[in-house]
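S.K.: Would you mind keeping the following structure in view while I ask a few things?
The values are calculated or read from the model by the stated rules, or taken from the named source; none is laboratory data. Not measured: the values here are computed from a predicted model. Here the Cβ positions follow ideal geometry from the backbone for every residue, glycine too, while neighbour counts run over all protein chains shown. Remember, those area values only see protein heavy atoms, side chains included, never the ligands or the DNA or RNA. Shrake-Rupley method; radii C 1.70, N 1.55, O 1.52, S 1.80 Å.
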Amino acid sequence: MPTRSPATPEDAMSSTTVITNIASLVTNDPSLGDGSPLGLIRDAAVVIDGDRIAWTGASDKAPAADDRVDAGGRAVIPGFVDSHSHLVFAGDRTEEFNARMSGRGYTAGGIRTTVAATRAADDAALERNLTHYLAEALRQGTTTFETKSGYGLTVEDEARALRIAAAHTDEVTYLGAHIVPPDHADDPAGYVALVTGEMLDACAPYARWVDVFCEKGAFDGDQARAILTAGKAKGLHPRVHANQLSYGPGVQLAVELDAASADHCTHLTDADVDALANSRTVATLLPGAEFSTRAEWPDARRILDAGVTVALSTDCNPGSSFTSSVPFCIALAVRDMRMTPDEALWSATAGGAAALRRDDVGRLTPGAFADLALLDAPSHVHLAYRPGVPLVSRVWRRGVPVT
């Protein structure tokens, strides 16, 4: 079960480990190795001291350590940083997906179906589900996880979702503004008041972030601004579901409020792209959603060429992107969003870290957390070159081998 820190931190701090004979080591430090954004070092080694990276460099110059691991000519990459997921839920929406993929109409409730199932589940069931998907992601190389509320939409249910999530990750997001729930359908202004008032008060102690689905049929720009501003006043930093289904104010609002990320970014004007390129706000792309809904792909090439910082994440949720696999999303980004393999890997590691305003994950340089994955391949390019193949063979999180 993934937790915030190693199960035995004393053991993690008591010894050093050197991993040698690495065919290619991705550090995400352009001052190292080949000087690219990946900071790629060939024939490399890395030293772990406790829960941190202590040294990286050429394998034949590696310092002595208490333990030694031979990578066997395989690649090592930073652990993936999944900066967008929705993992506190109950039930699934198999019938909805099957109908969509079969070309049949489907009139069930979408997000509302998950809300009903989540409200009906007890705490133990929600936690079992959460830890199941966190463990599934960890086996595939994801070592930093963000997850949101948003399937409770009552004061009690949103607070318990965040309390459960906070027991397993520091990156917890309050998403009371996912949709207006059926019990407030006739009073959306009243629901916004609840989200910015009593619900926020109950949820803020468990969260780091505040999010809103700024979209037609969800929350408009004025409502989203009120929700994010209220969250900021409580010490939560904004992130925004922006411009997924249509053109709208989400991206501009994210930049205006210095949101850490604007997520989805499918329908962008030139002004939206310019705003992102001249801000700290990261564009988080979520190709699992387009895959699962047959929607239009975001134009990753356009925003990358404009100088926008891009993250790549799963959007793991039971409705529109039920995958926990970052390698799968990397393959989609390369094949269908015109990203290079290097760009996709950087976006799924250092880009995800930027979307969480973190510099201690997503890279393998001295002082960063020792979160890394050993691939059963000589190069990170194989993540896109061999789609669907389980290439992650070993994972270290906070210096502790977990697979």
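S.K.: Taking the stated definitions as given, is Ile179 under 29 Å from Gly351 (Cα atoms), more than 20 Å from the chain's Cα centre (by Cα) and β-branched (Val, Ile, Thr)? Don't jump to the end; show me each part of the working.
M.R.: Numbers: under 29 Å from Gly351 (Cα atoms): yes; more than 20 Å from the chain's Cα centre (by Cα): yes; β-branched (Val, Ile, Thr): yes.
So Ile179 fits the description; yes.
S.K.: On to the next question. Filtering segment 140-172 down to residues that are under 30 Å from His380 (Cα atoms) and of a type in the set (S, T, N, Q), which residue is surrounded by the most Cβ atoms within 10 Å (Cβ to Cβ)?
M.R.: Going through the qualifying residues, I end up with Thr142.
S.K.: If you go through segment 342-353 one residue at a time, do you hit one that is assigned to a loop (DSSP other than H, G, I, E, B) and open to solvent by less than 20 Å² (accessible area, probe 1.4 Å)?
M.R.: No: segment 342-353 contains no residue that is assigned to a loop (DSSP other than H, G, I, E, B) and open to solvent by less than 20 Å² (accessible area, probe 1.4 Å).
S.K.: Still on this structure, please answer the following. Can you tell me which residues in segment 354-399 are among the basic types (Lys, Arg), outside any loop (DSSP other than H, G, I, E, B) and over 20 Å from Ser83 (Cβ atoms)?
M.R.: Within segment 354-399, the first condition is being among the basic types (Lys, Arg), and the residues that meet it are 357-358, 363, 386, 394, 397-398.
With the extra rule that they be outside any loop (DSSP other than H, G, I, E, B), the set shrinks to 394, 397.
Matches in segment 354-399: Arg394 only.
S.K.: Scan segment 267-281 and tell me whether some residue there is surrounded by 20 or more Cβ atoms within 10 Å (Cβ to Cβ) and among the polar types (S, T, N, Q).
M.R.: Among the residues of segment 267-281, at least one is surrounded by 20 or more Cβ atoms within 10 Å (Cβ to Cβ) and among the polar types (S, T, N, Q), which makes the answer yes.
S.K.: For the list (1) in a helix (DSSP H, G or I); (2) closer than 21 Å to Glu136 by Cα, I need the number of the one condition that Ile303 fails.
M.R.: Result: Ile303 passes all but (2).
S.K.: Kindly indicate whether Ala311 is crowded, with 21+ Cβ neighbours inside 10 Å, in a strand (DSSP E or B), without any contact (Cβ under 8 Å) to a residue 60 or more places away in the chain and aliphatic (A, V, I, L, M).
M.R.: no
S.K.: Being open to solvent by less than 20 Å² (accessible area, probe 1.4 Å), of a type in the set (Val, Ile, Thr) and under 26 Å from Asp270 (Cα atoms) narrows it down to one of Val210, Val255, Val240, Val195, so name that one.
M.R.: Val240
S.K.: Right, next: Filtering segment 358-403 down to residues that are free of Cβ contacts under 8 Å to residues at least 24 places away in the same chain and under 19 Å from the mean Cα position of the chain (by Cα), which residue is most open to solvent (accessible area, probe 1.4 Å)?
M.R.: Asp359
S.K.: List the strands (runs of 3 or more DSSP E) inside segment 45-139, counting only whole elements, that have at least 1 residues being in contact (Cβ under 8 Å) with a residue 60 or more places away in the chain and loosely packed, with under 14 Cβ neighbours inside 10 Å.
M.R.: Here the list reads 67-78.
S.K.: I would also like to ask the following. Return the pair list, or none, for Cβ contacts closer than 7 Å from residues in segment 279-308 that are free of Cβ contacts under 8 Å to residues at least 12 places away in the same chain and farther than 22 Å from Ala350 by Cα to residues that are surrounded by fewer than 24 Cβ atoms within 10 Å (Cβ to Cβ) and of a type in the set (A, V, I, L, M, F, W, C), at least 6 apart or on different chains.
M.R.: As it stands, the answer is none, since no pair meets every condition given.
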